[in-house]
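> Quick one: this structure, given as structure tokens, is what I'll be asking you about.
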Amino acid sequence: QKEVEQDPGPLSVPEGAIVSLNCTYSNSAFQYFMWYRQYSRKGPELLMYTYSSGNKEDGRFTAQVDKSSKYISLFIRDSQPSDSATYLCAMRLEGSYKLIFGSGTRLLVRP
Amino acid sequence: ETGVTQSPTHLIKTRGQQVTLRCSSQSGHNTVSWYQQALGQGPQFIFQYYREEENGRGNFPPRFSGLQFPNYSSELNVNALELDDSALYLCASSETGSSIQYFGAGTRLSVL
């Protein structure tokens with residue numbers, strides 16, 4: 001079993017839809033949670049960063065962490081074709097330097 | 001743009017050869033990490049360098065080695081290349097103790 005599980009998709013939605021992306025994890029000691037966006041043939045770009053449980057909002061993006069369920073989510077409101085990319089969740093332990101990534105979910109926003 | 005630059009962009013090697021990949025960190029960042037990303041997978045941690053020393057290592061064999069220089073730039077060396085080493089190699093820089101790692105665009109290595 002992988003430490004971090006993520007549905008690979010692809011997830012196809014119409015422009016303007018609300019998108020929900022999710023990851024589950026097995027190690028309850030993870031404390032730092034991140035979402036990265038990766039366009040084709042590019043490096044990952046940090047979107048959201050959360051420490052421990054709770055919600056964080058930044059523009060059209062909202063990140064949620066539910067440590068009791070070991071489940072994190074990224075919501076994208078008013079999705080745009082430019083949001084079409086692969087979304088990677090990542091997490092790390094307190095005091096560690098290593099990011100553990102999910103395998104990524106490919107998102108396609110149709111005009 | 002993150003300010004992390006990697007070279008070369010693409011590389012083709014044959015099995016058994018050796019390769020060196022290079023990374024220039026974002027200004028002010030003294031920690032660099034290397035990741036391997038196979039097609040359709042998330043990045044896998046190779047190792048991290050801080051103050052020119054290896055600071056931690058993932059589940060990769062010794063033929064994967066690295067260097068960090070006084071200006072915080074870094075190299076990843078892979079010896080005795082295998083077909084399964086074909087992947088996107090990502091460099092990420094960060095400030096000491098920070099969770100936030102900024103990635104370069106990567107070097108795509110193909111081993112034939």
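> Taking the Cα centre of chain A as the origin, how large is its charge dipole in debye, to the nearest 20, when only Lys and Arg (+1) and Asp and Glu (-1) carry charge on their Cβ atoms? Intermediate results must be reported in sequence, preceding the final value.
Working: 13 positive and 11 negative charges, 50 e Å.
Around 240 debye, computed over chain A.
> On to the next question. Output the peptides B:8-16, A:94-102 sorted from most to least packed, where packing is the average of other Cβ atoms within 10 Å over each peptide's residues.
Top to bottom by mean Cβ count within 10 Å: A:94-102, B:8-16.
> Here is a further query. If the reach is capped at under 16 angstrom between alpha carbons, list the lysines near A:K70, excluding any in the same chain fewer than eight residues apart.
Within the straight-line cut-off, A:K70 pairs with A:K2.
Computed from the coordinates by the stated procedures, all read-outs in this text should not be read as laboratory data. The structure presented is a predicted model; accordingly, all values stated were derived computationally and were not measured. Backbone-built Cβ (ideal geometry, glycine too); neighbour counts: all protein chains shown.
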